[in-house]
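Q: Quick one: the structure is below, and I'll ask about it shortly.
The values are calculated or read from the model by the stated rules, or taken from the named source; none is laboratory data. All figures in this text were calculated on a predicted structure; none of them were measured in a lab. Don't worry about glycine lacking a Cβ; one is built from the backbone with ideal geometry, like all the others, and counts go over all protein chains shown. Heavy atoms of the whole protein, side chains included, go into the accessibility calculation; ligands, DNA and RNA do not. Shrake-Rupley method; radii C 1.70, N 1.55, O 1.52, S 1.80 Å.
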Amino acid sequence: YALTRPSISVILPVWNGRKFLKGAVASVLAQSLPPCELIVVDDGSTDGSLEALTSLPPAPFPLRVLRQANAGQSAARNAAAREATGDYLAFLDQDDHWHPRHLEELVAPLVDDPQAGWAYCDFDEMDLAGNLVTRGFLKTQGVPHPKRSIYDCVAGDLMVLPSASVVRSAAFAEAGGFDEALSGYEDDDLFVRFFRLGWEHVFVARPLLRFRVHTTGSSASDRFLESRVRYAAKLMAILPDDSRMF
């Protein structure tokens, strides 16, 4: 079975996330389909984040640690992707938790269809303490997926979370990975590039992730707002005003 099992590299960037990291890694250890490796990237933490790993049980797969000066989530994810050995990449942010069947259910459509480059799911929201806030956010908020046109991809926030995604390594490489100049909307930006390259994407309507919403999250920062403007400028450059393309 191990010879035919899809090889998935899990990528987990950490920046001053000591109080969350153990829970995130525990959700990787609990997967019904184990990954081939877990790559934790310490993005210049100053709180001893990696010490949280010492109290975890031994992993049944290699756990690798990369360290870099603080350069942001996009750079940390890209650094791990360059080192990853798996045919698929699964991203997990330090403060999120996967459902036990997350990898199993998201990699299946990619294995079935070589044209599919990205699979992603709905998600539940939790608060700082880990209590449930919203069940099935995309369904509850009426965010339509999958997307069938470039207009649909840019008409509003996609809400395709990295933690809710498994991508094909070859597609990620072809698209050029995350834009390291963005600290927010880097996920939308990458999704648009996948779409324009012609990769299929698959939406799994079940929540397979618990996404933590709190005031210290990256989406509450000034860098996030700056990224929104930068991403908008990128869209204007690649998508000219042409009524034939709606």
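Q: With runs of 4+ DSSP H residues as the only contributors, calculate the mean residue ellipticity of the chain at 222 nm using -39,500 (n - 2.57) per run, divided by the residue total and rounded to the nearest 500.
A: Value at 222 nm, helices only, nearest 500: -9500 deg cm²/dmol.
Q: With a 1.4 Å probe and all protein chains kept in place, how much accessible area does Leu225 have, in Å² rounded to the nearest 10?
A: Near enough 110 Å² of accessible area.
Q: Mind jotting down the three principal axis lengths of region 48-125 based on Cα atoms? Whole angstrom, largest first.
A: Principal-axis extents of region 48-125 (Cα, largest first): 40, 28, 25 Å.
Q: Taking H as built 1.01 Å from N, whose amide H comes closer than 5 Å to the amide H of Gly136, not counting residues under 5 places away?
A: Phe123, Asp124, Glu125
Q: Sum up the charges of everything whose Cβ sits under 9 Å from the Cβ of Glu186, counting Lys and Arg as +1 and Asp and Glu as -1, but leave Glu186 out.
A: -4
Q: Follow-up. Convert each backbone phi in region 141-154 into a coupling constant with the Karplus relation 6.51 cos²θ - 1.76 cosθ + 1.60 (shift: θ = phi - 60°), then list the ³J(HN,Hα) values in order as whole Hz, x for Gly and Pro.
A: Computed from phi, the couplings for region 141-154 are 8, x, 7, x, 8, x, 8, 10, 9, 5, 4, 4, 6, 10 Hz.
Q: Starting from 0.36 nm per residue, how many nanometres of slack lie between Asp87 and Ala69 once their C-alpha separation is accounted for?
A: Roughly 3.7 nm would be gained on extension.
Q: Quick one: putting +1 on the C-beta of Lys and Arg, -1 on the C-beta of Asp and Glu, what dipole do you get for the chain around its Cα centre, in Debye to the nearest 20?
A: Using Cβ point charges on Lys, Arg, Asp and Glu, the chain gives about 220 debye.
Q: Kindly sort Met126, Met159 by accessible area of their heavy atoms, largest first, with the probe set to 1.4 Å.
A: Met159, Met126
Q: Can you tell me the 0 to 90 degree angle between the C-alpha axis of helix 73-83 and the longest principal axis of the chain, rounded to 10?
A: 70 degrees
Q: Looking at the chain as a GNM with Cα springs under 10 Å, which of Arg193, Arg82, Arg18 has the largest mean-square fluctuation?
A: Arg82
Q: While we're here: If I fit a long axis through the Cα atoms of helix 18-29 and take the longest principal axis of the Cα atoms of the chain, what angle between them do I get, 0 to 90°, rounded to 10?
A: 90 degrees
Q: Any idea what the relative contact order of the chain is, in percent, if you count C-alpha pairs under 8 Å spaced at least 6 apart?
A: 22 percent
Q: With a 1.4 Å probe and every protein chain left in place, tell me how much accessible area Asp122 has, in Å² to the nearest 10.
A: Roughly 0 Å² of Asp122 is accessible to a 1.4 Å probe.
Q: Using the alpha-carbon atoms, what tilt in degrees (0 to 90, nearest 10) does helix 222-238 show relative to the longest principal axis of the chain?
A: 40 degrees
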